[in-house]
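Quick notes on the structure that follows.
The values are calculated or read from the model by the stated rules, or taken from the named source; none is laboratory data. It should be emphasised that the depicted structure is a prediction, and the values quoted were computed from it without experimental measurement. Using ideal geometry, Cβ is built from the backbone for each residue, glycine included, and neighbour counts are taken over all protein chains shown.
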Amino acid sequence: MKNHSDIKNRDIARIFDEVADLLEISGESFFRVRAYRNASRVIRDLSTPLSTIARSQNAKLEDLPGIGKDLAEKIQTIVETGDLPLRRELESELPVGLLEVMRIPGLGPRKAHRLFLELGITDPERLEEAARCGKIRELKGFGEKTEAQILEGIETLRSFGKRMLRADVEPIALSIIEHMKRLKGLEKIEIAGSYRRLKETVGDLDILVACRDPAGAMDHFVSFPGVRKTIAKGKTKSSVVTNPEIQVDLRVVGAESFGAALQYFTGSKAHGIAMRTIAQKKGLKLNEYGVFKGEKMIAGRTEREVYEAAGLPWIPPELRENRGEIEAALEGTLPELISLSSIRGDLHMHTDETDGRDSLETMASEAKKRGYLYIAVTNHTKRVAMAGGLDEQRLLKHWDAVEKLNAQIEGFHILKGVEVDILDDGTLDIEDAVLSKGDYVVASVHYNTNMSRSQMTRRIVRALSNPNVSALAHPTGRLINKRPPYEVDMEVIIATCAKFGVALELNAAPDRLDIDDTSCRSARQHGVKVSIATDAHNKGGLDFMRYGVYQARRGWLEKEDVINTLNFRLLNRFLKKRG
Ligand code: DGT
Ligand code: CA
Ligand code: CA
Ligand code: ZN
């Protein structure tokens, strides 16, 4: 058996999450469920391994925020045994498939439990069957609409789960690269595919190497310690599955073909096909080995020379989706994509005043450490009671504290911000007279997200028409692989932002990345400015900025399209344009 003392915080957090879900399904009290969820969040955010703390003489698990004596003992058990008896107990009482049922949009723990008790539903398959036979509508409080919603939800859920978040793939990708770099005779190595195109999710990893010893490369690859299963091992291609689970393909090519192979396997497929057509029109053949004129190879060593042979400048991978980038390259109008180094501040974050973990002082000094010129502190408002949202009085007091600190920090500005909740009718849950005293107001929808497309669009448009609003936060509310975007007409929202001079947020949290790449592009086309912001709930969350920049690049954004590339004076000029 594995030595569990190395168990990762992430795995411990996952066990707590599962316990919370199972407790919730079995109808446990809100407080008990919440204790596990909070603990899971604390654990996930912790930089020190819990296994280290558990073994330490000095540090104590109980000293962690949100971890009492009971939870500390449970962590100890997990570190020692790798699991929790409570979880196994709950699992034996409830079918595990109910966890999946509970996550189907439109359902929740309570409905999942009823479906289990009344129809014996234990997993999504049985649920689908029951829905198709019209059995769900017969249950009290479910109805035909819910039944249709369930079927739709099952479809949505099916499309999830097969792709991993880019942020979750990165550590694996980087350690494989590190491992491969120890290979003797290695000449070149790159990760191709969707990973190189900076997509928000990744289906599998495609690694390319040029190496003088292809057989040695294959041996070395499958010996990577994170390999769980080797699917195929050939002369020039091998595939493995790692832990955590993702497929990784390795291909070995000759150095003279490396650029052509990189171009081919970076994709996207649509971009590759369009490129081949361009080459054909010039009487050339383009494939993963090179660019050929008749029998003669005229390019292939570098990607740049492949593009040049086809008569094009090099195109950044994140644009390669055949969405007009080839035409733009031919015309010489490719965008000059924004980069992380252009970011001067972060305009969405929380502190321990509400549901953040770190203090105002910590968040400010951490942002300053990252070279920023300013931040906006944007805590939740009262409707978001779960997060301890601020009412008018607390908000004003909080802003006093912000002003005080602001006066003490040199060469750095803290904007008095707030993340105000958009109520069902599109009004805001903080009085205008108070909002107008702030510097930066991001408005966002958190509740009652099931309304119709036209209702939701009207709700948000109304909120944007409030002259105190500076930006719309996480505009579609999606959580990648967990929750679909709510129904909303983004084109109308973008047009409204343009009309009122409101910025759209590109929330950089790796499971949000909201707005997505196509909306970024649409915003730019309508002259709407974007704020790339982390929504950090602790100091480490400030590092999400780079995922936002990746998404912005996929959305063709330039420095000029993004307000938090402005210096403080120009940012203020932008903000003052309203109201
Ligand atoms: P993923 O893995 O689903 O996140 O997306 P990709 O883009 O990494 O796709 P993948 O892994 O299936 O293939 C990697 C690249 O290889 C793909 O982006 C383009 C190239 N490729 C794969 N199959 C074909 C094909 O049938 N035709 C062309 N032209 N290229 C292909
Ligand atoms: Ca791939
Ligand atoms: Ca692949
Ligand atoms: Zn937020």
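Condition test on GLY426, is it away from ligand 3 (no atom under 16 Å from the Cβ), small (Gly, Ala, Ser) and under 23 Å from THR362 (Cα atoms)?
Answer is no for this residue.
Report, ordered by the first and then the second residue, all pairs with beta carbons closer than 8 Å, sequence separation of six or more or different chains, a first member in region 381-393 that is in the same structural domain as ASN448 (by TED's automatic domain parsing) and farther than 21 Å from ASN538 by Cβ, and a second member that is of a type in the set (Ser, Thr, Tyr) and modelled with pLDDT under 95.
From region 381-393, the pairs are ARG383/TYR447.
How about region 329-340: which of its residues are surrounded by fewer than 17 Cβ atoms within 10 Å (Cβ to Cβ) and either aliphatic (A, V, I, L, M) or on the phi > 0 side of the Ramachandran plot (or both)?
Correct list: LEU330, GLY332, LEU340.
A quick yes/no check of all residues on (1) over 13 Å from the mean Cα position of the chain (by Cα); (2) within 23 Å of ASN468 (Cβ to Cβ):
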{"site": "ASP514", "(1), (2)": "no, yes"}
{"site": "ASP517", "(1), (2)": "no, no"}
{"site": "GLN525", "(1), (2)": "yes, no"}
{"site": "ARG546", "(1), (2)": "no, no"}
{"site": "VAL549", "(1), (2)": "no, no"}
{"site": "TRP556", "(1), (2)": "yes, no"}
{"site": "PHE574", "(1), (2)": "yes, yes"}
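In this structure, does LYS140 turn out to be surrounded by fewer than 16 Cβ atoms within 10 Å (Cβ to Cβ), assigned by TED's automatic domain parsing to the domain that holds ALA210 and more than 16 Å from ligand 1 (Cβ to nearest atom)?
For LYS140, the condition - surrounded by fewer than 16 Cβ atoms within 10 Å (Cβ to Cβ), assigned by TED's automatic domain parsing to the domain that holds ALA210 and more than 16 Å from ligand 1 (Cβ to nearest atom) - is not met.
Return the total of residues in region 127-159 being free of Cβ contacts under 8 Å to residues at least 12 places away in the same chain and hydroxyl-bearing (Ser, Thr, Tyr).
1
Select the helices (runs of 4 or more DSSP H) contained entirely in region 60-105, then report the ones holding at least 3 residues which are in contact (Cβ under 8 Å) with a residue 12 or more places away in the chain and farther than 15 Å from ALA20 by Cα.
On the way: elements: 69-81, 85-93, 97-103.
So the answer is 69-81.
Output the residues belonging to region 234-269 that are closer than 15 Å to LEU186 by Cβ and within 11 Å of ligand 3 (Cβ to nearest atom).
LEU250, ARG251
GLU28 - would you say it is among the charged types (D, E, K, R) and part of a helix (DSSP H, G or I)? Break it down into steps so the answer makes sense when it comes.
Details: among the charged types (D, E, K, R): yes; part of a helix (DSSP H, G or I): no.
No; evaluated as a whole, the condition is false for this residue.
Counting just the residues of region 201-235 that are under 30 Å from VAL291 (Cβ atoms) and within 15 Å of ligand 1 (Cβ to nearest atom), which one comes out surrounded by the fewest Cβ atoms within 10 Å (Cβ to Cβ)?
Going through the qualifying residues, I end up with ALA232.
Yes/no per residue for (1) more than 16 Å from ligand 2 (Cβ to nearest atom); (2) modelled with pLDDT of 95 or more; (3) β-branched (Val, Ile, Thr):
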{"residue": "TRP314", "(1), (2), (3)": "yes, yes, no"}
{"residue": "PRO317", "(1), (2), (3)": "no, yes, no"}
{"residue": "GLU321", "(1), (2), (3)": "no, yes, no"}
{"residue": "GLU325", "(1), (2), (3)": "yes, yes, no"}
{"residue": "THR333", "(1), (2), (3)": "yes, yes, yes"}
{"residue": "ARG344", "(1), (2), (3)": "yes, yes, no"}
{"residue": "LEU347", "(1), (2), (3)": "yes, yes, no"}
{"residue": "LEU360", "(1), (2), (3)": "yes, yes, no"}
{"residue": "TYR374", "(1), (2), (3)": "yes, yes, no"}
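Within region 410-424, does at least one residue satisfy the condition of being within 24 Å of LEU542 (Cβ to Cβ) and surrounded by fewer than 17 Cβ atoms within 10 Å (Cβ to Cβ)?
Yes - at least one qualifying residue is present in region 410-424.
Going through ALA260, ALA270, ALA309, ALA274 one at a time, which residue ends up being surrounded by 21 or more Cβ atoms within 10 Å (Cβ to Cβ) and within 24 Å of VAL202 (Cβ to Cβ)?
ALA260
Output the residue which, of all residues in region 239-258 that are away from ligand 2 (no atom under 14 Å from the Cβ) and part of a strand (DSSP E or B), is nearest to ASP168 (Cα to Cα).
Per the stated criteria, the residue is VAL252.
Here is a list: THR378, THR354. Which entry is in a loop (DSSP other than H, G, I, E, B) and among the hydroxyl-bearing types (Ser, Thr, Tyr)?
THR354
Of all residues in region 445-497, how many are among the acidic types (Asp, Glu) and free of Cβ contacts under 8 Å to residues at least 24 places away in the same chain?
Keep residues of region 445-497 that are among the acidic types (Asp, Glu), which gives 487, 489, 491.
The next check asks that each one be free of Cβ contacts under 8 Å to residues at least 24 places away in the same chain; those that pass are none.
Going through region 445-497 one residue at a time, the tally reaches 0.
If you go through region 395-433 one residue at a time, how many are in a helix (DSSP H, G or I), over 29 Å from VAL461 (Cβ atoms) and without any contact (Cβ under 8 Å) to a residue 40 or more places away in the chain?
Of the residues in region 395-433, 7 are in a helix (DSSP H, G or I), over 29 Å from VAL461 (Cβ atoms) and without any contact (Cβ under 8 Å) to a residue 40 or more places away in the chain.
If you check LEU99, LEU127, LEU107, LEU117, which single one turns out to be surrounded by fewer than 15 Cβ atoms within 10 Å (Cβ to Cβ), within 20 Å of GLU24 (Cα to Cα) and among the aliphatic types (A, V, I, L, M)?
Values: LEU99 fails: surrounded by fewer than 15 Cβ atoms within 10 Å (Cβ to Cβ); LEU127 fails: surrounded by fewer than 15 Cβ atoms within 10 Å (Cβ to Cβ); LEU107 fails: surrounded by fewer than 15 Cβ atoms within 10 Å (Cβ to Cβ).
That would be LEU117, the only listed residue that is surrounded by fewer than 15 Cβ atoms within 10 Å (Cβ to Cβ), within 20 Å of GLU24 (Cα to Cα) and among the aliphatic types (A, V, I, L, M).
Is there any pair linking a residue in region 237-259 that is without any contact (Cβ under 8 Å) to a residue 12 or more places away in the chain to one that is charged (D, E, K, R), with Cβ under 6 Å and at least six apart or on different chains, and which?
These pairs meet every condition: SER239/ASP249.
Say we look at region 188-219 and pick out the residues that are free of Cβ contacts under 8 Å to residues at least 24 places away in the same chain and within 23 Å of PRO316 (Cα to Cα); which of these is nearest to ligand 3 (Cβ to nearest atom)?
ILE191
Being under 25 Å from ARG483 (Cα atoms) and of a type in the set (Asp, Glu) narrows it down to one of ASP83, ASP17, ASP63, so name that one.
ASP17
For region 12-40, give me each residue that is crowded, with 16+ Cβ neighbours inside 10 Å and touching a residue at least 60 places away in the same chain (Cβ under 8 Å).
ILE12, ILE15, GLU18, VAL19, ASP21, LEU22, LEU23, GLU24, ILE25
If I filter region 172-187 for residues that are touching a Pro at 6+ places or on another chain (Cβ under 8 Å) and either within 16 Å of ligand 1 (Cβ to nearest atom) or in contact (Cβ under 8 Å) with a residue 40 or more places away in the chain (or both), do I get at least one hit?
Yes; the residues of region 172-187 include at least one that is touching a Pro at 6+ places or on another chain (Cβ under 8 Å) and either within 16 Å of ligand 1 (Cβ to nearest atom) or in contact (Cβ under 8 Å) with a residue 40 or more places away in the chain (or both).
Would you check if there is a residue in region 434-447 being in a helix (DSSP H, G or I), assigned by TED's automatic domain parsing to the domain that holds VAL377 and modelled with pLDDT of 95 or more? Spell out how you get there, then give the answer.
Here is the first cut: in region 434-447, the ones in a helix (DSSP H, G or I) are 434-435.
With the extra rule that they be assigned by TED's automatic domain parsing to the domain that holds VAL377, the set shrinks to 434-435.
If we keep only those that are modelled with pLDDT of 95 or more as well, we get 434-435.
For region 434-447, residues in a helix (DSSP H, G or I), assigned by TED's automatic domain parsing to the domain that holds VAL377 and modelled with pLDDT of 95 or more: present.
Can you pull out every residue in region 480-511 that is over 20 Å from THR457 (Cβ atoms) and not aliphatic (A, V, I, L, M)? Outline the logic, then answer.
Kept after step one, since they are over 20 Å from THR457 (Cβ atoms), are these residues of region 480-511: 480-482, 508-511.
Of everything in region 480-511, those that are over 20 Å from THR457 (Cβ atoms) and not aliphatic (A, V, I, L, M) turn out to be ASN481, LYS482, PRO510, ASP511.
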